[in-house]
Amino acid sequence: MEERKGFGSNFGFLMAAVGSAVGLGNIWGFPNKMGANGGFTFLIIYLILAAICGFIVMLGELAIGRKTGAGAIKAYKVLSKKFKWVGWLGVASAFFILSFYCALGGYCIKYVVLNFGNLINAGFGSNGLSGADVFGGFMTNQLEGVIFGLIFVAITMIIVMGGVGGGIEKVCSVGMPALFVMLVICIVRVLTLENAVDGLKYMFVPGWAVANGVIEEAPNLFSVISTAGGQMFFSLSIGMGAMITYGSYLNKKENLEKNALIIVIMDTLIALCAGLCVIPARFALDPTGKLGGPSLLFVTMQNVFDRMGSVGPIFGIIFYLLVVFAAISSSISLLETVVAHFVDKAQDEGKGDKRKSYSLITTIFVAILCVIVCLDGLGSNGVWVPFQHLFAPDAIPTFCDCWLDFFDCISEGIMMPLGGLLMTLMLGWETGPDLVKEESEQEGNKMKSFGYFKFCVKFITPLCMALILYGQLKDFFGGLFV
Ligand code: PFF
């Protein structure tokens, strides 16, 4: 049988795994959720959850992947009788996330082009329109939305077709350091703007946002915990098999425990850096701009660049390009999670390397869902959304208010936290945590955190996961079922 080709180096693996983790969730989800949920309080809770859930699930998934040397579906099948179907949950979840992730990635490409248009004063720039008008116009221009979405889908496919070492590792090893440099350039520019300090206060001073009328009321502790938990899961790419898949390509001599820790720390650091760029920019240059949702990234930030004067388009290009990089390094891990299963299956059946064909077939299905999300334009175009007709127009719950939220609810709301919960139950109570110890201690490595891991994976992490799942359902279904 042909050898399964993996990462060429630990650095390449780390860049790919950090690339998967660092994405739209960091650059846009983290800053506004942190600001709207008590700033520093949110950060502390996030860090605690990252330590007792994020690190545990990350290490567990990497170990499961490397032990079985297989993608999510086969990995669960090999390891467990009771949980053998959980891998399917992960792969389905990756597939649904891809649908809206690619649409948003396409929007980011559009904004690189838009800022380039502004730089050279071309007709495809903002043409003097406000950020809100440009975005509104783009959302209702279905053809343009679909074209940019499909460009993003195609880029993702081409990289995954190149394989793990040839495509994913190469792109991330260059893209991630480049992303970091671009982020630093943006932070330096933003923090030297007048009033940028208010953004820092919004993020880091508990109660500042409420006291200054930026948000209406302080969220309660449960809602902070559930928001931070949901954010952490999505941001770390855990609970759906991406890290199982990447772990399966990792060399046995590499230190799993150290790698899991580095990924969690890097992801959190980059989320904080993104906050240092996006939020102070909004306070300095668009003080009335929205702080949450798609408007933050596409309306507020575009207003910021429009108000920076002649250098604005240059910073706009750098910023949106970095978001495109972040989104691509995440979307390739999502596609790989799905494709790896079929590639492995074909190889097990002696059909040879079918990576290119399976990448193409999966991409076609992803493209179809992505087109639906783009046509819908975040609900701007009156496209039919499942279940929406059951509710009065002013009482539509989040899960069906547009196609993006519908797919997000299925994946991020239900499948991901459920997958994470079931994974910890499997490791804690069926296979036993020794599985992770054995795998971590391959080739002379020592698992220093085993006592801690064992206690968390059996008791603490599943409990937190159940709470996070409940919180997610509450957010999406708003009082309907929970
Ligand atoms: N972690 C990515 C982000 O923060 O945007 C999203 C993501 C990527 C989730 C890959 C899940 C995944 F498998």
If I ask for residues that are touching a Phe, Trp or Tyr at 6+ places or on another chain (Cβ under 8 Å), open to solvent by 20 Å² or more (accessible area, probe 1.4 Å) and among the polar types (S, T, N, Q), which ones from segment 264-304 would you list?
S295
Confirm whether V343 is of a type in the set (V, I, T) and either surrounded by fewer than 21 Cβ atoms within 10 Å (Cβ to Cβ) or within 14 Å of the ligand (Cβ to nearest atom) (or both).
no
Could you tell me whether S173 is more than 30 Å from I64 (Cα to Cα), assigned to a helix (DSSP H, G or I) and either open to solvent by 30 Å² or more (accessible area, probe 1.4 Å) or more than 16 Å from the ligand (Cβ to nearest atom) (or both)?
no
Please specify each residue of segment 245-262 satisfying the condition of being open to solvent by less than 10 Å² (accessible area, probe 1.4 Å) and more than 10 Å from the ligand (Cβ to nearest atom).
G247, L256, N259, A260
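For every residue, the table says whether it meets (1) without any contact (Cβ under 8 Å) to a residue 40 or more places away in the chain; (2) away from the ligand (no atom under 16 Å from the Cβ); (3) closer than 16 Å to I168 by Cβ; (4) part of a helix (DSSP H, G or I).
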site: L296; (1), (2), (3), (4): no, no, no, yes
site: S310; (1), (2), (3), (4): yes, yes, no, yes
site: V338; (1), (2), (3), (4): no, no, yes, yes
site: Q347; (1), (2), (3), (4): no, yes, no, yes
site: Y358; (1), (2), (3), (4): yes, yes, yes, yes
Taking L334 and the conditions (1) within 16 Å of the ligand (Cβ to nearest atom); (2) farther than 24 Å from F100 by Cα; (3) in contact with a Phe, Trp or Tyr (Cβ under 7 Å, 6 or more places away or on another chain), which numbered condition does it fall short on, given that it satisfies the others?
(2)
Only one of I328, I265 is within 16 Å of the ligand (Cβ to nearest atom), part of a helix (DSSP H, G or I), among the aliphatic types (A, V, I, L, M) and within 30 Å of F365 (Cα to Cα), namely I328
Look through V366, V304 and report the one residue that is of a type outside the set (S, T, N, Q) and modelled with pLDDT under 95.
V304
Which one of these does F100 not meet: (1) outside any helix (DSSP H, G or I); (2) hydrophobic (A, V, I, L, M, F, W, C); (3) under 21 Å from G413 (Cα atoms)?
(1)
Looking at segment 55-69 only, could you name the residues that are within 16 Å of the ligand (Cβ to nearest atom) and either outside any helix (DSSP H, G or I) or open to solvent by 10 Å² or more (accessible area, probe 1.4 Å) (or both)?
F55
Within segment 460-468, is even one residue of a type in the set (A, V, I, L, M), in contact with a Gly (Cβ under 8 Å, 6 or more places away or on another chain) and open to solvent by less than 50 Å² (accessible area, probe 1.4 Å)?
yes
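Rundown of residues vs (1) farther than 23 Å from W88 by Cβ; (2) modelled with pLDDT of 95 or more, yes/no style:
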| site | (1), (2) |
| --- | --- |
| S380 | yes, yes |
| V385 | yes, yes |
| L390 | yes, no |
| P393 | yes, no |
| E412 | no, no |
Just for segment 82-116: of the residues that are without any contact (Cβ under 8 Å) to a residue 60 or more places away in the chain and basic (K, R), which one is farthest from the ligand (Cβ to nearest atom)?
K84
If you take just the helices (runs of 4 or more DSSP H) that sit entirely in segment 367-443, which of them hold at least 1 residues that are within 26 Å of the chain's Cα centre (by Cα), within 16 Å of the ligand (Cβ to nearest atom) and surrounded by 17 or more Cβ atoms within 10 Å (Cβ to Cβ)?
403-408, 416-425
Among all residue pairs at least 6 apart or on different chains, which show Cβ distances below 8 Å where the first residue, located in segment 217-235, is at pLDDT below 90 and open to solvent by 30 Å² or more (accessible area, probe 1.4 Å) and the second is in a helix (DSSP H, G or I) and not hydrophobic (A, V, I, L, M, F, W, C)?
P219/T227; F222/G471; S223/G471
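The values are calculated or read from the model by the stated rules, or taken from the named source; none is laboratory data. Bear in mind the structure is a predicted one, so any value in this text is a computation, not a measurement. Quick reminder, even Gly has a Cβ in these numbers, built from the backbone with ideal geometry, and neighbours come from all protein chains shown. Just the protein is used for accessible areas: all its heavy atoms, side chains included, with ligands, DNA and RNA removed. Shrake-Rupley method; radii C 1.70, N 1.55, O 1.52, S 1.80 Å.
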